[in-house]
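Engineer: Dropping the structure in here first, questions after.
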Amino acid sequence: MAFELRYPIETERLRLRPFTRGDVDAVFAYRKREDVAQHLFDGPMTHETATEVVGLRAGQFTLAAEGDKMFLAVELRERPEMIGEVSLIWRGAVSRQGEIGYIFNPLHHGHGYATEATRALLEVGFDRLGLHRIYARCAAANTASWRVMERLGMRREAHLREHAFFKGGWDEELIYAILEDEWRARDPSGR
Ligand SMILES: CC(C)(COP(=O)(O)OP(=O)(O)OC[C@H]1O[C@@H](n2cnc3c(N)ncnc32)[C@H](O)[C@@H]1OP(=O)(O)O)[C@@H](O)C(=O)NCCC(=O)NCCS
């Protein structure tokens, strides 16, 4: 089920494209922040770590086998400014499962950019990769994150109560998902 995508992927206001080494400063600008790292597995990044991560991600833009991860940089179409990133992980080849994620620079929160970019990634997952179900996970306290999932029409499937320790305390995790037929049945305006 390996597939080739043509980049960039354009939405109304955004451009999704593979990472390049030139993205290090833009990535560092948001990944160094405590408020961005708060609900992520990684802590705030140093410039050195951001450089390593961007170097790795620059090669992660196709999905050829189960377990592969695709990370795309998101920039504004109106000016070439990198404002965040989205990811799609191919979790299951036989069961056709995928997982999405997103991280945006707080300077660009509150405009619907994360929702718009992630919607494009759901399209890639269902229309190009042929996935059957796409899910996402977030901390229950990460309201901004689960609101993105709800705007995309994803259903809350689980609330895992105190299922793990995370950053010194019990973790509460939400799982959201959408099936291919639910995606196809959504409002065609995409809202
Ligand atoms: C999760 C995260 C990407 C959400 O960012 P966000 O700005 O809230 O999400 P969007 O870009 O989709 O913007 C949605 C907001 O913009 C508003 N908005 C303004 N114009 C809009 C438009 N044209 N379309 C949609 N929403 C719009 C929405 O009303 C919404 O605000 P609300 O939640 O107060 O109602 C952001 O909080 C983040 O990067 N957090 C740190 C990293 C992280 O935790 N990632 C998730 C890990 S699970």
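Engineer: I'd like the full set of residues that are open to solvent by 20 Å² or more (accessible area, probe 1.4 Å) and under 20 Å from the mean Cα position of the chain (by Cα), limited to region 174-183.
Structural biologist: Within region 174-183, I175, L179, E180, E182 meet the criteria.
Engineer: Okay, next question. Give the residue, chosen from A144, A136, that is part of a strand (DSSP E or B), closer than 17 Å to L40 by Cα and either in contact (Cβ under 8 Å) with a residue 12 or more places away in the chain or open to solvent by less than 30 Å² (accessible area, probe 1.4 Å) (or both).
Structural biologist: Only one candidate passes the filter, namely A136.
Engineer: Right, next: Please report, ordered by residue number, the helices (runs of 4 or more DSSP H) entirely within region 1-86 with at least 2 residues that are away from the ligand (no atom under 16 Å from the Cβ) and free of Cβ contacts under 8 Å to residues at least 60 places away in the same chain.
Structural biologist: Per the criteria, 24-31, 47-57.
Engineer: Testing F41 on (1) among the aromatic types (F, W, Y); (2) within 27 Å of R128 (Cα to Cα); (3) open to solvent by 60 Å² or more (accessible area, probe 1.4 Å), one condition comes back false. Which one is that?
Structural biologist: For F41, the exception is condition (2).
Engineer: Hey, does region 145-157 have a residue that's small (G, A, S) and more than 20 Å from the chain's Cα centre (by Cα)?
Structural biologist: no
Engineer: Going through G98, G125 one at a time, which residue ends up being open to solvent by less than 60 Å² (accessible area, probe 1.4 Å) and part of a helix (DSSP H, G or I)?
Structural biologist: Of the residues listed, the single one that is open to solvent by less than 60 Å² (accessible area, probe 1.4 Å) and part of a helix (DSSP H, G or I) is G125.
The values are calculated or read from the model by the stated rules, or taken from the named source; none is laboratory data. This one's a predicted model, so the numbers in the text were calculated from it and none came from an experiment. Methodologically, a virtual Cβ is constructed for each residue, glycine included, from the backbone with ideal geometry; neighbour enumeration extends over all protein chains shown. Note: areas computed on protein heavy atoms with side chains; ligands, DNA, RNA excluded. Shrake-Rupley method; radii C 1.70, N 1.55, O 1.52, S 1.80 Å.
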